1. Given the peptides 176-185, 189-198, 162-171, 144-153, arrange them by the average over their residues of other C-beta atoms within 10 Å, most packed first.
2. Within the stretch 255-340, how many Lys pairs that are eight or more residues apart, or on different chains, come under 12 Å at the alpha-carbon?
3. For Gln134, what residues show an amide H to amide H distance below 5 Å, using hydrogens built from the backbone and excluding near sequence neighbours?
4. Just going by the charge dipole of the chain, with Lys and Arg at +1 and Asp and Glu at -1 on Cβ, which of Val94, Cys316, Leu166 is farthest out on the positive end?
5. Given all pairs of different Cα atoms, what value in angstroms does the Kirkwood hydrodynamic radius of the stretch 239-356 take?
6. Per the Debye formula with a single identical scatterer at each Cα and no solvent contribution, what log10 I(q)/I(0) holds for the chain at q = 0.12 Å⁻¹?
7. How many Å³ per residue does the convex hull of the Cα positions in the stretch 47-233 occupy?
8. Taking the chain as the reference, fit the longest principal axis to its C-alpha atoms, fit the long axis of helix 285-299 to the helix C-alpha atoms, and give the angle between the two in degrees, 0 to 90, nearest 10.
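The values are calculated or read from the model by the stated rules, or taken from the named source; none is laboratory data. What you are looking at is a predicted structure, and each value in this text was computed from that prediction instead of being measured. Methodologically, a virtual Cβ is constructed for each residue, glycine included, from the backbone with ideal geometry; neighbour enumeration extends over all protein chains shown. Accessible surface areas use protein heavy atoms only, side chains included; no ligands, DNA or RNA. Shrake-Rupley method; radii C 1.70, N 1.55, O 1.52, S 1.80 Å.
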Amino acid sequence: MGKGGMSVLLLLLFLSFCSASDQKWRKAMISTDKGSSMMMNRVGSSILFPIHGNVYPTGYYNVTITIGQPPKPYFLDLDTGSDLTWLQCDAPCVHCTEAPHPLYRPTNDLVPCKDPLCAALHPPGDYKCESPEQCDYEVEYADGGSSLGVLVRDVFSLNYTNGIRLSPRLALGCGYDQIPGASYHPLDGILGLGRGKSSIVSQLQSQGLVRNVVGHCLSGRGGGFLFFGDGLYDSSHVTWTSMSQEFTKYYSPGIAELQFGGKATGIKNLIVVFDSGSSYTYLNSQAYQTLTVLLKKELSGRSLKEAPEDQTLPLCWKGRKPFKNVRDVKKYFKTLALAFASSGRTRTQFELPPEAYLIISVSTY
């Protein structure tokens, strides 16, 4: 649901931010065994959330956030491609979609028009409020969805990883007029994790509660975890690349080159954006066509055959018998990689092994 969007929908590619090999890292980071006491003291400023969902067949991931007094749970679509967190809201609601929980009842703690968080939600030079005592907002997403509402403050019930509870008052959108997009999901709202001042992470940082760091690990098998703060990672298990100073609106490492099987594809100057609100990975038309040609060439003469009758995604294959999991076909596919360059020299690679870009469909064609 991120505001940004690349161009053409990929074949059956999706982005898994946590491969099977990463599970060792995850266990080391959140272990509660005897040897973890020292680490837990060190990471007390981090907040951890379980993630639910999957790329296929669900098509989205969500976290549970507890908001309000008394506190109530809400299922939110985590979106690093946008800033504002909002809930479908009984203000009353003009247009609201189906949701798993009752509509959020807003507080009387309105964010005024002059508040810097309100200004951050509007384009420069287009900052006007009909009422000075409140901040109206409207956010639009790449899939055509939108939310219209007013900004309020309310209590978020959160826990540090060392067990300490905190209840900060944070700004969120009370969305009373929603238009569902093409990738509509029946959730209570959006958790905005972008780089702007209004994002939840930025607000927590401004109150001195966590460092301005957001991380997530999405498993190809479904689920994962989300964390705020800088205590839940081991630098020896992280490959680093700096965020672009040119594309500052989103989490973007900048320009990348597409590689296939460790070799250059000739596709360069790809502007990469990491957007958790988009279920699939997208490439522009040239990169998409090049990749499909390489994949088909690699599979030529193999036992896998294209299956145009399977409409799950634009490009599918079938074997002599049904596949149980990606491991059954992993040997036929090569690793993809995005190589990020600095001053013309390759510096960092983000690798996508077959299990990170293949799914097993449940089509019964």
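1. Values: 176-185: 16.6, 189-198: 24.2, 162-171: 14.3, 144-153: 20.4.
Ranked by mean Cβ neighbours within 10 Å, highest first: 189-198, 144-153, 176-185, 162-171.
2. On the way: Lys263/Lys334; Lys296/Lys305; Lys296/Lys334; Lys297/Lys305; Lys297/Lys334; Lys305/Lys318; Lys305/Lys321.
Lysine pairs satisfying the spacing and distance rule in the stretch 255-340 number 7.
3. Cys113
4. After comparing all options, I get Cys316.
5. Numbers: mean 1/r = 0.0625 Å⁻¹.
The answer is 16.0 Å.
6. -0.97
7. Working: hull volume 22.4 nm³, N = 187.
It comes to 120 Å³ per residue, whole-number rounded.
8. 40 degrees
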